[in-house]
Amino acid sequence: MSDKPPVNLVRRTAWPESVSRAVVTPLQPSVVYSSPDPDRLDDQYEGRADGFTYSREGHPNASVLASKIDALEGGQGGMMTASGMAAVTATMLGLLSAGDHIVGGDQLYGRCLRMLNQDLPRLGITATLADPTDATAIEAAIRPETKLILVEVVSNPTLRVADMTAIAEIAQRHNLILVVDNTFTTPRAYLPFEHGADVVIHSVTKLLSGHSDAMLGYVCAKSAEHQQAIENTIVTMGLTPSPYDCWMAERGLMSFHLRYDRAEENAAKLADHLAGLTGMAQVLYPGRSDHPDHNRAGALLGPRFGNMVSFVLMGGRAEANALTRAMPNMAFAPTLGDIGTTLSHAASSSHRGLTPEGRAALGITEGFFRVSVGVEDIELLKSDFTKGFAAVSG
Ligand SMILES: *Cc1c(COP(=O)(O)O)cnc(C)c1O
């Protein structure tokens, strides 16, 4: 045996000093933080000192990212969550109790519809769905026990535009909490807090992060009391995100404005191109004058009509299969907001839980596709779809 002193490999050594500083935000995976003594820990828990203790309660990578999204949304003290659905969950469980009622848009994200129709009712929280393009339908759904309205500005996948001005006025008149899922519109096109929203939610997984490699949500309430209730739910229910996802998303967010602007410009051009293809039954893009909500979209979103384009192909499942097979370069995938263009088919993915009649009522047939337009050269996108449609009709 050597008489060298033992080396403590388990002890963490100090980070090497450097006069020059890292340019990039560090990734901090530590779950726990050590304190000098119990008094200092008291100071932190009682708000006299800043800092982190245990990462379920917060960590630096989430704080850095949330403060950037706060700045975009014009909010304060927003929180990151493990997914967009975790943000919706934290909002509902944090702000509502058994006996409360929700009015929700009838074309919300599929899992939100499930939460309102199936999961929250088990806890005694009920919901009525109504068409958010028709403010009188939203108002008619309100009951004495209604506490909250949950809407998206642009619906999935038919891209209908909610009557946000009237809905905000109704929420205020009935003293209801207005929750806006701003995932599709993003703060580039719409700022819910400037238009009467009380809570803003994002699936950061989509456009804000933008590369389909981080799953995250964000939630920010206007009132400190609401924000505290939501934060307690996030920490207690364990809806906190991983530092790695926050770190990845911060990098993605750096190019958000550039990606968004390019994708939106592409979407407008692609919508017009699609409308001219043989075999096309209908193109849905709020920026086109043939869209049912074109005028409202213009008033609400300015010229920011977004990166989502939907279309209806003539034919049924066989033609839908033929189209995706003829476009192998384009990801056929049930997501949106990626830097590259993705194609999704509602009947076999987001809306597969509905009956064919239920889908038909929304205008979703086997030929219905949604395109999340990315930043590629527009000529590439046009030629991909031209080839795809030629294969279907040929
Ligand atoms: C994707 C999405 C969600 C859910 O977000 P996840 O990050 O997948 O949990 C919620 N709302 C909208 C509008 C979405 O597109």
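The condition of being in contact with a strand residue (DSSP E or B) (Cβ under 8 Å, 6 or more places away or on another chain) and at pLDDT 95 or above holds for only one of PRO334, PRO286, that being PRO286.
Remark: pairs (first residue in region 109-137, over 22 Å from ILE170 (Cα atoms) and open to solvent by less than 60 Å² (accessible area, probe 1.4 Å); second residue within 16 Å of the ligand (Cβ to nearest atom) and not hydrophobic (A, V, I, L, M, F, W, C); Cβ separation under 6 Å; 6+ apart in sequence or on different chains) = GLY110/SER350. Among the residues of region 156-167 satisfying the criterion of being open to solvent by less than 10 Å² (accessible area, probe 1.4 Å) and at pLDDT 95 or above, which is farthest from the ligand (Cβ to nearest atom)? Going through the qualifying residues, I end up with ILE167.
Let's see how each residue does on (1) part of a strand (DSSP E or B); (2) within 16 Å of the ligand (Cβ to nearest atom):
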| residue | (1), (2) |
| --- | --- |
| PRO144 | no, no |
| GLU169 | no, no |
| GLN172 | no, no |
| PHE184 | no, yes |
| ARG188 | no, yes |
| HIS202 | yes, yes |
| THR205 | no, yes |
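Filtering region 27-52 to residues that are part of a loop (DSSP other than H, G, I, E, B), within 30 Å of the chain's Cα centre (by Cα), exposed (fewer than 15 other Cβ atoms within 10 Å of the Cβ) and free of Cβ contacts under 8 Å to residues at least 24 places away in the same chain leaves ASP50, GLY51. Within region 81-95, which residues are more than 9 Å from the ligand (Cβ to nearest atom) and either in a loop (DSSP other than H, G, I, E, B) or within 14 Å of ALA221 (Cβ to Cβ) (or both)? Hits for region 81-95 are ALA90, THR91, MET92, LEU93, GLY94, LEU95.
Just one of ALA140, ALA130, ALA98 is more than 16 Å from the ligand (Cβ to nearest atom) and within 18 Å of VAL180 (Cβ to Cβ); which is it? Answer to the selection: ALA130. Within region 336-364, residues that are over 17 Å from ARG111 (Cα atoms) reach partners that are in a strand (DSSP E or B) and open to solvent by less than 30 Å² (accessible area, probe 1.4 Å) with beta carbons closer than 7 Å, at six or more positions or on different chains, in the pairs GLY337/SER372; ASP338/SER372; THR341/VAL371; THR341/SER372; THR342/SER372; LEU343/PHE369; LEU343/VAL371. Show the residue pairs that are 6+ apart or on different chains and have beta-carbon atoms under 8 Å apart, the first residue being within region 147-158 and assigned to a strand (DSSP E or B), the second being more than 9 Å from the ligand (Cβ to nearest atom) and among the charged types (D, E, K, R). Pairs that qualify, where the first residue is assigned to a strand (DSSP E or B) and the partner is more than 9 Å from the ligand (Cβ to nearest atom) and among the charged types (D, E, K, R), are LYS147/ASP100; LEU148/ASP100; VAL154/ARG160. Looking at region 319-329, is at least one residue within 16 Å of the ligand (Cβ to nearest atom), open to solvent by 10 Å² or more (accessible area, probe 1.4 Å) and at pLDDT 95 or above? Looking through region 319-329, none of the residues is within 16 Å of the ligand (Cβ to nearest atom), open to solvent by 10 Å² or more (accessible area, probe 1.4 Å) and at pLDDT 95 or above. Within region 228-245, not a single residue is assigned to a strand (DSSP E or B), within 16 Å of the ligand (Cβ to nearest atom) and under 19 Å from ASP70 (Cβ atoms).
When the test is whether a residue is in contact with a Leu (Cβ under 8 Å, 6 or more places away or on another chain) and outside any helix (DSSP H, G or I), ILE102 passes it.
Just the residues that are within 26 Å of PRO356 (Cβ to Cβ) and touching a Lys or Arg at 6+ places or on another chain (Cβ under 9 Å), please, taken from region 292-318. Within region 292-318, PRO292, ASP293, MET308, VAL309, SER310, PHE311 qualify.
For every residue, the table says whether it meets (1) of a type outside the set (Val, Ile, Thr); (2) under 22 Å from HIS345 (Cα atoms); (3) more than 14 Å from the chain's Cα centre (by Cα).
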| site | (1), (2), (3) |
| --- | --- |
| THR81 | no, no, no |
| ALA98 | yes, no, yes |
| HIS101 | yes, no, yes |
| GLY104 | yes, no, yes |
| CYS112 | yes, yes, no |
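When region 207-225 is limited to residues that are open to solvent by less than 10 Å² (accessible area, probe 1.4 Å) and near the ligand (Cβ under 8 Å from one of its atoms), the one that is nearest to TRP247 (Cα to Cα) turns out to be LEU216. Of all residues in region 1-26 being of a type in the set (Val, Ile, Thr) and farther than 22 Å from ASN61 by Cα, which is surrounded by the most Cβ atoms within 10 Å (Cβ to Cβ)? Checked region 1-26; the qualifying residue surrounded by the most Cβ atoms within 10 Å (Cβ to Cβ) is VAL7.
The values are calculated or read from the model by the stated rules, or taken from the named source; none is laboratory data. Because the structure is predicted, anything quoted here is derived from the model rather than measured. Virtual Cβ from ideal backbone geometry, glycine too; neighbours counted across all protein chains shown. Only protein heavy atoms, including side chains, enter the accessible area calculation; ligands, DNA and RNA are left aside. Shrake-Rupley method; radii C 1.70, N 1.55, O 1.52, S 1.80 Å.
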